[in-house]
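One structure is given here, and the rest of the page talks about it.
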Amino acid sequence: MTKLAIIGGTGLTQLNGLIITKRETLTTPYGLPSADFITGEYNQKEVIFLARHGNPHTIAPHKINYRANIWGLKHLGVENIIAVAAVGGITPEMAPAHIAIPDQIIDYSHSRLHTFFEDENYPVTHIDFTYPYNRALRAALIIAAKNAEINISPIGTYGCTQGPRLETAAEIKRMEKDGCDLVGMTGMPEASLAKELEMNYAAISVIANWAAGKTAGEITMAEIERHLHNGMIKVANLLKAFISQSY
Ligand code: HPA
């Protein structure tokens with residue numbers, strides 16, 4: 001059976017309902033991962049859970065050791081990764097508390113350690129990244145959502161910003177012109193590192209707020225928390241449906 005990992009982001013520091021069987025602290029050639037790798041039974045199936053921002057949530061998006069996280073999952077034999085992340089909604093369909101399974105990425109992040117392929121361990125290799133998310137995993141998530149009657153957007157372009165600040169209204173306007181539907185801070189280099197190590201990676205984006213300038217006022221943390229809470233209930237249902245269908 002293919003090993004499945006779930007990477008949880010803001011609003012998903014732990015997987016409620018996971019019956020923990022093992023907790024592994026790894027040191028990797030790239031330093032320390034964000035947290036222990038938690039193995040457990042979720043919906044009667046084995047999954048490995050990793051809290052992207054640490055548990056408790058303390059690591060800023062640009063400080064996450066993405067290489068250590070992905071290397072650690074590979075080391076543990078993981079083949080499939082479902083990455084859950086909070087985002088802002090840019091295009092009209094992407095309303096707060098809604099869920100999307102993005103199919104494309106535009107990377108606006110910078111200065112992050114973003115590749116394994118730069119030394120004698122992994123000589124320079126140019127991976128194909130035309131379709132950044134694994135198509136079979138995405139399809140399985142979309143079918144699971146349909147079967148469980150969870151309303152999702154089955155496509156969307158995810159723009160990854162550097163953070164930790166949110167964007168300006170002008171930045172969001174530019175991103176929308178570029179074709180972004182969603183804006184987040186952690187989708188890259190996570191997705192490309194997984195691809196570099198030949199792991200299947202798909203994302204569930206949980207919309208926490210309208211992106212900057214999409215409403216009259218400013219974005220408040222209280223609204224983000226409220227919408228994330230509601231969105232994460234749908235995510236848990238989606239993950240359960242996906243796992244019972246695919247594993
Ligand atoms: N921008 C970037 N990242 C985010 C946002 C946002 O508006 N909301 C949640 N994560």
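Rg and Dmax of segment 118-247, both derived from C-alpha coordinates alone, stand at 16.8, 52 Å.
If you wrap the Cα atoms of segment 12-140 in a convex hull and average its projected area over all directions, you get 9.6 nm². For segment 188-234, would you read off the P(r) tail past 16 Å as a percentage of all alpha carbon pairs? The calculated P(r) of segment 188-234 puts 56 percent of pairs beyond 16 Å.
All C-alpha pair distances within the chain, sorted into 5 Å bins from zero, spread as 1, 7, 14, 19, 21, 17, 12, 6, 2, 0, 0 percent across the bins.
Relative contact order of the chain: what whole-number percent is it, with Cα pairs under 8 angstrom and at least 6 residues apart?
The value is 26 percent.
Spread over its residues, the convex hull of the C-alpha atoms of segment 99-177 is 146 Å³ per residue. Extending 7 Å from the Cα toward the beta-carbon at both ARG165 and GLU225 defines two label points whose distance is 2.4 nm. The average projected area of segment 9-58, computed from the convex hull of its Cα atoms over all directions, is 3.7 nm². Of all DSSP beta bridges confined to the chain, the antiparallel ones make up roughly 35%.
FYI, it's all coordinate maths here, none of it is from the lab. Owing to the predicted nature of the structure, the values given are computational and were not obtained by experimental measurement. As a convention, Cβ positions derive from the backbone with ideal geometry for all residues, glycine included, and neighbour counts pool all protein chains shown.
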